[in-house]
Amino acid sequence: MSTGSDAIVSWVRVHEYPIERELVYFVSFVVLLPLLAYLLLSRCRLPKPVAFEAFSYRGGDAESRIQRLIRWLVLPLVLYVLLFDGRINGFADFYHEGERLVPLQVALHGGLPYRDAHLQHGLGQNFVLPMVAAKVFEPTLEGVRKLQRVLDPLAYVVVYFFGLLLYRNAASVSLFLVLTVSSAGYWVALRQGLGLLSFTLLLAAIEFPTWRRLALLSAGAIGALAFWFSVEIGVYTVCAGVVWLLLVAVWTRKRVGISWYLGGVVFVSAPILVWLQVLGVLGDAAANLHRQVTTQLIVWGLPFPSPSAAFAALSAEGIAAADVKMYLPILSYVLAGGWLAWRLAKGGDAASRTVRIALLYLAGCLFFRTALGRSDYGHWIDGSTPWWPLLLLVIDASMTSAGAALLKRRRPAKREVLVICLGGAVLLLAFEVHAPLQLDRFSRVGLEWRGASAEEMLPNAGHARLPSDQVERARQVLACIESFAGSEHGFYDFSNQGAYYFFSGRLPPSRYFQSVYAATPSEQQQVIDDIERAAVSVVLLESGSPFDRIDGVENAERAAVLYSYLARSFPGRRKCGDATIRFR
């Protein structure tokens with residue numbers, strides 16, 4: 001029996017879908033097409049493209065202290081307050097919130113990261129933040145949600161600072177960027193915010209030469225922090241930063257201080273590695289990280305819409321159709337890559353605007369790997385984080401061109417008219433595709449730290465009020481678990497609803513506390529050994545949720561080795577509301 005990734009059962013394997021092909025196509029579009037454009041344009045007699053003249057941040061003597069205070073302190077604070085949503089009530093996602101609650105439960109009982117709990121995203125997101133929430137607030141669902149609510153607006157503040165260093169019309173375009181990415185149907189998560197913060201510091205390195213080394217060191221440190229917080233985002237961030245610095249060095253033929261950037265990566269990573277070694281889990285961490293890098297695409301892959309499906313959606317629903325949206329970032333990155341190729345082919349210098357576009361191009365291409373790997377709407381948003389900043393560069397250039405013509409009281413030149421028209425087109429696209437003024441996030445502003453009464457609460461939920469029907473279903477399941485489980489390890493969740501461990505106050509018997517984590521037969525065999533060692537007496541086989549059939553693949557098919565063992569060893573069967581348990 002094969003025990004490697006070739007034995008994984010998932011949507012990709014069930015449908016024999018060549019998920020790697022999409023990456024090849026994407027690379028061909030966003031890398032090879034601009035390269036081909038460079039080779040062709042370098043042999044053609046064409047004028048240089050619009051250079052979007054080099055610019056520097058308009059600070060220093062030209063800006064008063066009050067203006068700097070408003071731009072760098074007051075506006076960010078206002079944005080944080082406006083975007084802060086203190087509500088801790090609402091539906092509990094037992095799978096995704098379980099990714100944080102179960103490692104917290106393990107840590108509260110002396111368990112270790114990686115060894116006693118598989119970390120699906122990263123050490124920071126799945127282990128450290130829940131522990132901080134338990135210390136700062138309380139070790140409950142309420143505490144974890146409170147810390148999340150406090151931190152969430154910081155990602156949008158980072159977006160604002162990123163815009164300040166990216167755009168010529170800094171404050172106005174940055175505020176519109178924040179409105180765009182914080183409005184209905186879109187978001188920037190904290191882990192994406194860490195990536196943007198690293199890119200912001202890279203821009204600061206070229207904007208403020210006096211602070212270049214410190215900015216590069218900080219950018220590398222934040223990139224490493226992004227890696228340990230969420231592995232996927234960290235890999236994209238550090239790779240984009242290193243490649244961009246190398247490109248700038250080649251283009252400008254100057255030293256850009258890449259060693260300082262790498263020094264920042266080492267500065268953050270070295271203490272974490274030493275800490276893991278002291279805990280004795282460095283090997284487990286390496287295995288966890290290797291698994292994340294090598295098997296995530298196979299386990300979680302979903303197909304990207306075909307071009308024919310996108311064209312059909314375009315004709316039926318227009319440009320705002322979901323399948324069409326998927327292709328808009330790709331088109332933008334191809335155009336950005338082509339523009340950069342044109343600049344290179346015609347001997348353009350490394351203007352400030354040009355290196356900014358190069359950074360967004362690299363970051364956008366790498367981040368979009370998330371949308372390619374699991375092509376649903378949520379992951380499209382996660383993978384499109386650099387897309388809106390890139391689009392708004394056109395609006396920024398349009399405002400600059402229009403402003404120059406108005407100040408000089410003259411008609412815009414042909415190139416300026418073209419840029420102004422392009423800016424208008426992007427603005428119309430933003431409203432058509434995204435509706436950036438549907439500010440539902442602002443309408444939810446408020447404090448609601450307390451809410452649920454004792455009869456409405458689940459154990460270990462604190463005062464977080466969940467929907468009454470969800471509480472009732474969860475209580476039925478918890479009562480069944482309590483009636484059959486003997487020891488604190490007496491229960492295993494096969495249904496991918498890990499939060500039940502937390503609400504029942506029990507520890508998972510295996511590091512793979514949700515069955516979808518045990519993707520290979522060898523990992524499933526490890527779960528079997530852990531179940532036997534812990535003398536598990538009851539298994540939550542089905543929860544009645546969509547996570548019984550992730551991506552339409554039954555858990556029994558996805559984890560066939562484990563399911564076969566459970567069917568043999570736990571012959572008893574009982575319904576608990578919508579859920580099904582098995583017991584010895």
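The values are calculated or read from the model by the stated rules, or taken from the named source; none is laboratory data. This structure is a prediction, so every number in the text was calculated from the model and none was measured. Because the Cβ atoms are built from the backbone with ideal geometry, glycine has one as well, and the counts that use them run over all protein chains shown.
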Quiz item: Within the stretch 205-220, is even one residue assigned to a helix (DSSP H, G or I), of a type outside the set (D, E, K, R), within 23 Å of Leu289 (Cβ to Cβ) and outside the structural domain of Met326 (by TED's automatic domain parsing)?
Solution: yes
Practice problem: Mind counting the residues in the stretch 461-485 that are among the acidic types (Asp, Glu) and either crowded, with 18+ Cβ neighbours inside 10 Å or within 27 Å of Gln148 (Cα to Cα) (or both)? | Solution: 2
Quiz item: Can you find a residue in the stretch 518-525 that is on the phi < 0 side of the Ramachandran plot, touching an Asp or Glu at 6+ places or on another chain (Cβ under 6 Å) and not in a loop (DSSP other than H, G, I, E, B)?
Solution: no
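Here's the yes/no breakdown for (1) assigned to a helix (DSSP H, G or I); (2) in contact with a Lys or Arg (Cβ under 7 Å, 6 or more places away or on another chain):
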{"position": "Ile70", "(1), (2)": "yes, no"}
{"position": "Pro76", "(1), (2)": "yes, no"}
{"position": "Phe91", "(1), (2)": "no, no"}
{"position": "Tyr95", "(1), (2)": "no, no"}
{"position": "Leu101", "(1), (2)": "yes, no"}
{"position": "Arg115", "(1), (2)": "no, yes"}
{"position": "Pro130", "(1), (2)": "yes, yes"}
{"position": "Val157", "(1), (2)": "yes, no"}
Quiz item: Does Leu302 fit the bill of being touching a strand residue (DSSP E or B) at 6+ places or on another chain (Cβ under 7 Å) and modelled with pLDDT of 90 or more?
Solution: yes
Quiz item: Of Arg100, Arg87, Arg115, which residue is in contact (Cβ under 8 Å) with a residue 12 or more places away in the chain, among the basic types (Lys, Arg) and more than 14 Å from Gln148 (Cα to Cα)?
Solution: Arg115
Practice problem: Restrict the check to the stretch 66-78 and report whether at least one residue is at pLDDT below 95, outside the structural domain of Phe503 (by TED's automatic domain parsing) and among the charged types (D, E, K, R). | Solution: yes
Quiz item: Can you pull out the residues in the stretch 538-581 that are surrounded by 21 or more Cβ atoms within 10 Å (Cβ to Cβ), farther than 12 Å from Gln497 by Cβ and not hydrophobic (A, V, I, L, M, F, W, C)?
Solution: Arg558
Quiz item: Quick one: is Pro571 without any contact (Cβ under 8 Å) to a residue 40 or more places away in the chain, touching a His at 6+ places or on another chain (Cβ under 7 Å) and not hydroxyl-bearing (Ser, Thr, Tyr)?
Solution: no
Quiz prompt | Residues (surrounded by fewer than 20 Cβ atoms within 10 Å (Cβ to Cβ) and assigned to a helix (DSSP H, G or I)) located in the stretch 306-324 | solution = Pro307, Ser308, Ala309, Ala310, Phe311, Ala312, Leu314, Ser315, Ala316, Glu317, Ala322
Quiz item: Just to be sure, is Ser269 modelled with pLDDT under 95, in a helix (DSSP H, G or I) and not acidic (Asp, Glu)?
Solution: no
Quiz prompt | Check on Leu225, aliphatic (A, V, I, L, M), within 24 Å of Phe368 (Cβ to Cβ) and modelled with pLDDT under 95 | solution = no
Quiz item: Mind checking which pairs have a first residue in the stretch 183-206 that is within 17 Å of Ala224 (Cα to Cα) and a second that is hydroxyl-bearing (Ser, Thr, Tyr) and modelled with pLDDT of 95 or more, Cβ under 7 Å, 6 or more apart or different chains?
Solution: Arg191/Ser230; Gly195/Tyr236; Gly195/Thr237; Ser198/Thr237; Leu201/Ser218
Practice problem: Scan the stretch 487-508 for residues that are of a type in the set (Gly, Ala, Ser), free of Cβ contacts under 8 Å to residues at least 60 places away in the same chain and in contact with a strand residue (DSSP E or B) (Cβ under 6 Å, 6 or more places away or on another chain) and report the count. | Solution: 0
Quiz item: Mind checking whether some residue in the stretch 159-179 is under 30 Å from Arg465 (Cβ atoms) and free of Cβ contacts under 8 Å to residues at least 40 places away in the same chain?
Solution: no
